[in-house]
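What follows is a set of notes on a single structure, which appears directly below.
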Amino acid sequence: MHLDPYVSVDGIPFTARREDVVRANGQPDSETRNAVELTELDYGDVVFRFQDCGRLEEVTRQAKVVHLNTVSVPFPSLKAFVREQDGDHFERAGFLVSPKFGLAFVPDSPCWVTALARHAVEQWEAMRPQNT
C-alpha cells in the first residue's frame, strides 16, 4: 500500500468519487451496504467505502508493506511504528488508529490496512471512549 496520508492511496485520491473508482477498476466483485451505512465496493484485495453522497471514506487493502511517503513499514512492524511515531494514536474496537498517518488496522489480523479520509478519522475519534 502506497499511502500519502489524507491525499491518496495507491494513486487513488481521496477526492475520487464512486464513479471514478469504477472507471479505474471496473465493476467490483460485490457491492454491499455495511453496518455503519457505507457503500462498499469489494474488489477482493481492496475495498472502497463511500458515503451516500459519493464521498470516499476508507480504502482497505491487503498490505504486507505500507509505504508512507519515503518510509516503508512491513505489516509486522506497523504497530510498533505507529506507537512510536504517532503520539495521538488510539485504539477503538480492536483497531489501532493513527491520526498522523490516516490509517487504522487490527494488529492481530495480518496484512489488512485501512486508509482513512481526514473526516473519517474525526469519526473514529468521536467514537473513542472518554476518560472518566
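The values are calculated or read from the model by the stated rules, or taken from the named source; none is laboratory data. Everything numeric here is computed off the predicted structure, so don't read it as measured data. In this analysis, Cβ positions are derived from the backbone assuming ideal geometry, glycine residues included, and neighbour counts consider all displayed protein chains. Calculation scope for accessible area: heavy atoms of the full protein, side chains included, ligands and nucleic acids excluded. Shrake-Rupley method; radii C 1.70, N 1.55, O 1.52, S 1.80 Å.
Just a few scattered comments:
- Lone unmet requirement of (1) farther than 22 Å from M127 by Cα; (2) part of a strand (DSSP E or B) for E40: (1)
- Restricting V59, V73, V46 to residues that are at pLDDT 95 or above, closer than 17 Å to R118 by Cα and open to solvent by less than 20 Å² (accessible area, probe 1.4 Å) narrows the list to V59.
- Search result, residues across region 5-25 that are touching a residue at least 12 places away in the same chain (Cβ under 8 Å), in a loop (DSSP other than H, G, I, E, B) and either at positive phi or not hydroxyl-bearing (S, T, Y) (or both): P5, Y6, D10, F14, A16
- Looking at F90, F105, just one residue is in contact (Cβ under 8 Å) with a residue 24 or more places away in the chain and either crowded, with 19+ Cβ neighbours inside 10 Å or on the phi > 0 side of the Ramachandran plot (or both), and that residue is F105.
- Scanning region 79-114 for residues being over 15 Å from L3 (Cα atoms) and touching a helix residue (DSSP H, G or I) at 6+ places or on another chain (Cβ under 7 Å) gives a total of 5.
- Residue list for region 5-48, filter: among the aliphatic types (A, V, I, L, M) and under 29 Å from D86 (Cα atoms): V7, V9, I12, A16, A35, V36, L38, V46, V47
- Qualifying position, being surrounded by 15 or more Cβ atoms within 10 Å (Cβ to Cβ), hydrophobic (A, V, I, L, M, F, W, C) and modelled with pLDDT under 95, among L3, L38: L38
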